[in-house]
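The values are calculated or read from the model by the stated rules, or taken from the named source; none is laboratory data. From a predicted model like this one, the values you see are computed outputs, not experimental measurements. Calculation scope for accessible area: heavy atoms of the full protein, side chains included, ligands and nucleic acids excluded. Shrake-Rupley method; radii C 1.70, N 1.55, O 1.52, S 1.80 Å.
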Amino acid sequence: MPTLDELIARTEITDVLGRYAHAIDRGDRELARTCYHPDATDDHGRFSGTVDELFAFFETYGATLESTFHFLSPPTIALDGERAEVETCCLYRRQPVDGGASAAVFQGLRYFDIFERRAGRWLIAERTVILDWEHAAPPLPTTASPPTWVRGSRGDTDPAAPLTRSLTAAVRRRADSADADDQGFIGRCTSS
């Protein structure tokens, strides 16, 4: 039977993975960056290096894409104290910014992550993206969906933009709460 701490860890890790996919697909790289520890590393196939270098790469590469879509499996998590090995399967689609002239690409990926809990927060310390398969998307449908569909987009025009703002606010509240806890702990230590 898992302990309460293990259940909380699994929930927090799963939340980070979902926040990452949502943020990348909505084009909010600042929110996606909150999923990593400051000294994290990432081998993303096209890029390998520090998390700061990764997000500089995303800034350039992201400008070439009209949209991305991540569909994540439930993660497989092996907890070991303040560290966890995590594998998450991902169906990924990317559409270049060329008005559909180029085929979209589908990929079957796995994120193999090392999460670490530091200052009470589970975040990615190391990520390796494993490519299992890929292919060009089939042609566009002969009968397109009607304009009555609510359409997704990046940024504030997306219908789920309120969720992005809520996720950002939750990350800030959690960081502020951790800072307040640290200050309270420091105050208790210095007053003794």
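Quick notes
- Alpha-carbon Debye profile of the chain, log10 I(q)/I(0) at 0.17, 0.18, 0.19 Å⁻¹: -1.23, -1.35, -1.47
- Kirkwood estimate for region 49-126, i.e. one over the average of 1/r between Cα atoms, Å: 14.6
- Of all accessible heavy-atom area on region 1-115, the percent that carbon and sulfur account for (1.4 Å): 57
- log10 of Debye I(q)/I(0), alpha-carbon scatterers only, for region 7-81 at 0.16, 0.20 Å⁻¹: -0.64, -0.97
- For region 70-82, 3J(HN,Hα) per residue [Karplus equation, 6.51 cos²θ - 1.76 cosθ + 1.60, θ = phi - 60°, Hz, x = Gly/Pro]: 10, 10, 9, 7, x, x, 9, 10, 10, 7, 8, x, 8
- For the chain, the solvent-accessible area of protein heavy atoms averages 59 Å² per residue (probe radius 1.4 Å; ligands and nucleic acids excluded).
- Karplus-derived 3J(HN,Hα) values for region 5-18, using 6.51 cos²θ - 1.76 cosθ + 1.60 with θ = phi - 60°, are 4, 5, 5, 5, 4, 4, 5, 5, 4, 4, 4, 4, 4, x Hz; glycine and proline are entered as x.
- For region 145-150, 3J(HN,Hα) computed residue by residue from phi via the Karplus equation (6.51, -1.76, 1.60; θ = phi - 60°) reads 5, x, x, 6, 5, 6 Hz, glycine and proline entered as x.
- Cα pair distances in region 38-81, grouped into 5 Å bins until the bin that holds the longest one, percent each: 5, 16, 17, 20, 23, 13, 4, 2, 0
- Distances between placed amide hydrogens fall under 5 Å for Leu65 paired with Val97, all partners being 5 or more residues away or on another chain.
- Under a 5 Å amide H cut-off, with hydrogens placed 1.01 Å from N, Ala104 pairs with Ala137 among residues at least 5 apart or on other chains.
- The chain - percent relative contact order, Cα under 8 Å, separation 6 or more: 19
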